[in-house]
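Comments concern the structure below.
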């Protein structure tokens, strides 16, 4: 295990440099080989985790608090897998997407896409296994910068403005986070998450650090009302980039928030804080969905849908904050809600990636993403429409999709812990989701007026979108396996860590 | 896996796989498509007959697949599911024949028949679901697979109808979902059990149970078209005739009614529900729906719309029979599940034929149609008599048991409802029959939408209508026989009451 662990991070980073250096003709090949190898490494790591349980790895054999600790448990592994699986299909899609339609040569955008994307992949993988607060900051920054770079690729004026806003938001977010880390370091002289979790005590300093770090991460996760930067950035960039941003990047900062909440701040958070975050999430669900319904352009619709879907993830906090660590009954709902949130994140990632890729196909074929121009898509692009419909089923949370499992577990947790009002929000959100998904599909199913409007689309692109949609359904059917993997190392268990040295 | 585990899965798969294959079939391969359709329908029918035979010999059929802890996907065959499975597969067989004839030469048939098969998959899934969660899964699947059928024509009117249909059913699904999850949180596994499984839980939960009951009934009531949740049904009849036939007779409204039966009998238990005082509101709601639907039907001139309101009224008989405590009324309600299906599908088949062969879509346009299309009109007449409750057609047996049951349980006012409804049924069906048989033709018949044919209408349309009409006559005439739906309904009802 120790031999493959570093490669999860090093491979994509090496690949990023390589794709930057090789001649144009070799870019795609280098990129794809890197993507495949990285995924293989992640699968191998998942296999080892499954066999041997959670893994600690001290970088350069220096133990904490001096060195940096990497830690792989079920939660991190599922996120790594999510990135690997959707990363592969997005990469395959990107191979075709950035080719010039007539000559088949890789466009300039494509040349820059690969290094940035692999860099982002590496940063994200590192973030998931990182166990060090400052290290996390560095990775967040890397992640944000490469994401902004990807947004700016498209190069049009509106996108550059969107990218600039994104950059500022990302910077502010990281700064706020860093300030929080500084507070903690000043108080406890530690950066390792586990140590910090054991050392931290409720009080003013901890509360300020918590607030700063949380706000920073909320800004990056685009929780309502800090979502202003997301729709233009996600809708304006090229299709593979939109998919990467919506499916993966926002999940990165959310993951961090979840980790901090459970590992570091579990005895700092209070019930009102949990309710407050939940309320913001609820507003995000309602506001995002209503905005999505009002959009005229497909990519804007999908981007607002991301704002809404991210809101669901925050239902985990009110359930968690209300549960004292010793209470076994409530603890059960905490675990349930952790599972549900993560499942929702997974299902959303796969289905949203699929829909953004499908929207890219539509732009490729029609040259526009106006909803009114979707007429006849069901006839001319049946695979793409099918992908959208399947992904929509998962987003709506209808059985037997992954979204359904997520919704089921979340509903279970909120009803079980007696907080029924979140259930109302979740169900209203589902109905609104159905509203905009059917608005979209309804257009696609209208009779085709002029078949010549549709330009041919490479089949690989269509299949990439469709397979991702199938995965978002498939993880619902095989939920037991995913949840087993997720629970390795009990990531959602709130318990005071008695012996830090023992844990390390 | 043994055959007994596999069989329920095969019954579901027989139409699911057919549906998927048809999706990928090129549009112009009409013969292959028809062959596939008929093969799927026949296969399902055979499998279901094998299953009936097996259940008769005391075999148990159960398929179980664990999704998440405490959350299984279960297909299980008991007598109640047998009732709906048999009905669905028999009527699907005939509707498929009818649909092949009806849609000949129209566009997007691969899509239509694909979803058509998925719709029946959902329907048999609903029937065989072994717990509330599996039921919910198929219930939602039904919504998704019927929506494309409702909007199949793609006109503005049908899209509007589709939107309304979707809002009603999705909202209903959401309410149902809340009820299901809540119940799962409280009591864990939700496997259906004869006489229910909630009685054993402490009295402190009874308040929650009451709320959950209403959540479940509201969620199911949307599809069962209980007043005031029925708004989608009259609008959704813009769908092609075979879809309306399927929607009204086996698939959607039956899924709702069947769900109510399941919840009352196999989740709460009819006696426990009665102890909690939950049945009286249900009786009142269904009684009101029965009268309301009939009254609205009186004034509709559009034939399919009149039939739709008739469905609103008739489906509530099922829930009424369930909600009135007592063996006899239970039998009446359960058997109406089958009887209403047979009669209503005949009526919609005939309405489709009138529209297809003579472009007649309104009641006022039907004057003298009996002479022009005697066989179709005869089938229509049988079914209409059944709806009114004239012996010996099937509807009589249902109403008889319902009335008797109401007396037994000491709720004689229900008889008043039944009588009123019968008068109203007569009020909206007899004028049609009178106009069809005894009045003179007023204006020229419209043009036919199909090629000229030997009989009054193509055999593919006529044959299913005649067969279902005969079936509704036969099930009524031989209601006392050991193999009749009534006997099955009696066997089910006997198990639901704790001796």
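Residues are listed down the side, and each one gets a yes or a no for (1) surrounded by fewer than 24 Cβ atoms within 10 Å (Cβ to Cβ); (2) over 27 Å from residue B:364 (Cβ atoms):
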site	(1), (2)
B:240	yes, no
B:267	no, yes
B:271	yes, yes
B:288	yes, yes
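Is it the case, given these coordinates, that residue B:177 is over 21 Å from the mean Cα position of the chain (by Cα), within 11 Å of chain A (Cβ to nearest Cβ) and closer than 30 Å to residue B:207 by Cβ? Taking the combined requirement at face value, the residue satisfies it. Just one of the listed residues (A:335, A:244, A:293, A:271) is surrounded by fewer than 24 Cβ atoms within 10 Å (Cβ to Cβ), in contact (Cβ under 8 Å) with a residue 60 or more places away in the chain and in contact with a helix residue (DSSP H, G or I) (Cβ under 8 Å, 6 or more places away or on another chain), and it is A:293. I'd like the full set of residues that are outside any loop (DSSP other than H, G, I, E, B) and either touching a residue at least 24 places away in the same chain (Cβ under 8 Å) or in contact with a helix residue (DSSP H, G or I) (Cβ under 9 Å, 6 or more places away or on another chain) (or both), limited to the stretch B:432-458. The answer is B:432, B:433, B:435, B:436, B:437, B:438.
From the list B:341, B:332, the one residue that fits, being within 19 Å of residue B:123 (Cβ to Cβ), touching a helix residue (DSSP H, G or I) at 6+ places or on another chain (Cβ under 7 Å) and assigned to a helix (DSSP H, G or I), is B:341.
The condition of being within 19 Å of the chain's Cα centre (by Cα), in a helix (DSSP H, G or I) and surrounded by 21 or more Cβ atoms within 10 Å (Cβ to Cβ) holds for only one of B:229, B:149, B:183, that being B:149.
Looking across the stretch B:198-226, the residues that are assigned to a loop (DSSP other than H, G, I, E, B), touching a helix residue (DSSP H, G or I) at 6+ places or on another chain (Cβ under 7 Å) and more than 29 Å from residue B:341 (Cα to Cα) come down to B:198, B:199, B:201. Return yes or no: is residue A:395 closer than 18 Å to residue B:140 by Cβ, out of contact with any strand residue (DSSP E or B) (no Cβ under 7 Å at 6 or more places or on another chain), within 14 Å of chain B (Cβ to nearest Cβ) and touching a residue at least 40 places away in the same chain (Cβ under 8 Å)? Answer is yes for this residue. Right, residue A:93: surrounded by 21 or more Cβ atoms within 10 Å (Cβ to Cβ), at pLDDT 90 or above and within 30 Å of residue A:264 (Cα to Cα) or not? So residue A:93 fails the test.
Report whether or not residue B:116 is under 18 Å from residue A:448 (Cβ atoms) and either within 12 Å of chain A (Cβ to nearest Cβ) or in a helix (DSSP H, G or I) (or both). Steps first, please.
Values: under 18 Å from residue A:448 (Cβ atoms): no; either within 12 Å of chain A (Cβ to nearest Cβ) or in a helix (DSSP H, G or I) (or both): yes.
So residue B:116 fails the test.
For residue B:207, the conditions (1) within 14 Å of chain A (Cβ to nearest Cβ); (2) modelled with pLDDT of 85 or more; (3) buried (at least 19 other Cβ atoms within 10 Å of the Cβ) are fulfilled apart from (3). Looking at (1) without any contact (Cβ under 8 Å) to a residue 40 or more places away in the chain; (2) touching a helix residue (DSSP H, G or I) at 6+ places or on another chain (Cβ under 6 Å), which one does residue A:424 not meet, given that it meets all the others? Only one criterion in (1) without any contact (Cβ under 8 Å) to a residue 40 or more places away in the chain; (2) touching a helix residue (DSSP H, G or I) at 6+ places or on another chain (Cβ under 6 Å) is unmet by residue A:424, namely (2). On inspection, residue A:439 passes the criterion of being assigned to a helix (DSSP H, G or I) and surrounded by fewer than 24 Cβ atoms within 10 Å (Cβ to Cβ). All but one of (1) more than 18 Å from residue B:430 (Cα to Cα); (2) surrounded by fewer than 24 Cβ atoms within 10 Å (Cβ to Cβ) hold for residue B:312; which doesn't? The number of the failed condition is (2).
With respect to the conditions (1) surrounded by fewer than 24 Cβ atoms within 10 Å (Cβ to Cβ); (2) facing chain B (nearest Cβ under 10 Å), residue A:413 falls short on a single one, namely (1).
Is there a residue in the stretch A:169-183 that is free of Cβ contacts under 8 Å to residues at least 12 places away in the same chain, over 21 Å from residue A:154 (Cα atoms) and surrounded by fewer than 24 Cβ atoms within 10 Å (Cβ to Cβ)?
Checking the stretch A:169-183: at least one residue is free of Cβ contacts under 8 Å to residues at least 12 places away in the same chain, over 21 Å from residue A:154 (Cα atoms) and surrounded by fewer than 24 Cβ atoms within 10 Å (Cβ to Cβ).
Taken over the stretch A:225-237, residues that are part of a loop (DSSP other than H, G, I, E, B) and surrounded by 24 or more Cβ atoms within 10 Å (Cβ to Cβ) amount to 2. Taking the stretch A:23-56 as the range and being loosely packed, with under 15 Cβ neighbours inside 10 Å and either more than 24 Å from the chain's Cα centre (by Cα) or in contact (Cβ under 8 Å) with a residue 60 or more places away in the chain (or both) as the test, the residues that pass are A:23, A:24, A:25, A:26, A:29, A:50, A:51, A:52, A:53.
Regarding residue B:220, is this residue over 23 Å from residue B:99 (Cα atoms) and more than 11 Å from chain A (Cβ to nearest Cβ)? Steps first, answer last, please.
Working: over 23 Å from residue B:99 (Cα atoms): yes; more than 11 Å from chain A (Cβ to nearest Cβ): yes.
Considered against the rule, which asks whether it is over 23 Å from residue B:99 (Cα atoms) and more than 11 Å from chain A (Cβ to nearest Cβ), residue B:220 comes out as yes.
Out of the stretch B:21-37, which residues are surrounded by 14 or more Cβ atoms within 10 Å (Cβ to Cβ) and either modelled with pLDDT of 90 or more or closer than 18 Å to residue B:149 by Cα (or both)? Please lay out each step first, then the result.
Looking only at the stretch B:21-37, we keep the residues that are surrounded by 14 or more Cβ atoms within 10 Å (Cβ to Cβ), and these are B:21-23, B:25, B:29-30, B:33-34, B:36-37.
Answer for the stretch B:21-37, where residues must be surrounded by 14 or more Cβ atoms within 10 Å (Cβ to Cβ) and either modelled with pLDDT of 90 or more or closer than 18 Å to residue B:149 by Cα (or both): B:21, B:22, B:23, B:25, B:33, B:34, B:37.
Based on what the data block shows, is residue B:49 without any contact (Cβ under 8 Å) to a residue 40 or more places away in the chain, more than 14 Å from every other protein chain (Cβ to nearest Cβ) and within 27 Å of residue B:136 (Cα to Cα)? Lay out the reasoning, then the answer.
Working: without any contact (Cβ under 8 Å) to a residue 40 or more places away in the chain: yes; more than 14 Å from every other protein chain (Cβ to nearest Cβ): yes; within 27 Å of residue B:136 (Cα to Cα): yes.
It is true that residue B:49 is without any contact (Cβ under 8 Å) to a residue 40 or more places away in the chain, more than 14 Å from every other protein chain (Cβ to nearest Cβ) and within 27 Å of residue B:136 (Cα to Cα).
The condition (being within 11 Å of chain A (Cβ to nearest Cβ), over 28 Å from residue A:420 (Cβ atoms), in a helix (DSSP H, G or I) and in contact (Cβ under 8 Å) with a residue 24 or more places away in the chain) is satisfied by just one residue among B:139, B:98, B:165: B:165.
Among the conditions (1) buried (at least 17 other Cβ atoms within 10 Å of the Cβ); (2) in a helix (DSSP H, G or I); (3) touching a residue at least 12 places away in the same chain (Cβ under 8 Å); (4) facing chain A (nearest Cβ under 10 Å), the only one that residue B:172 does not satisfy is (4). For the stretch A:419-431, taking the residues that are within 10 Å of chain B (Cβ to nearest Cβ) and surrounded by fewer than 23 Cβ atoms within 10 Å (Cβ to Cβ), the one that is modelled with the lowest pLDDT is identified as A:420. Considering (1) over 19 Å from the mean Cα position of the chain (by Cα); (2) more than 30 Å from residue B:352 (Cβ to Cβ), say which one residue B:77 fails and leave the rest. Looking at each condition in turn, residue B:77 falls short on (1).
The values are calculated or read from the model by the stated rules, or taken from the named source; none is laboratory data. Note that this is a predicted model, so its numbers are computed, not measured. Note: ideal-geometry Cβ built from the backbone for every residue, glycine included; neighbour counts use all protein chains shown.
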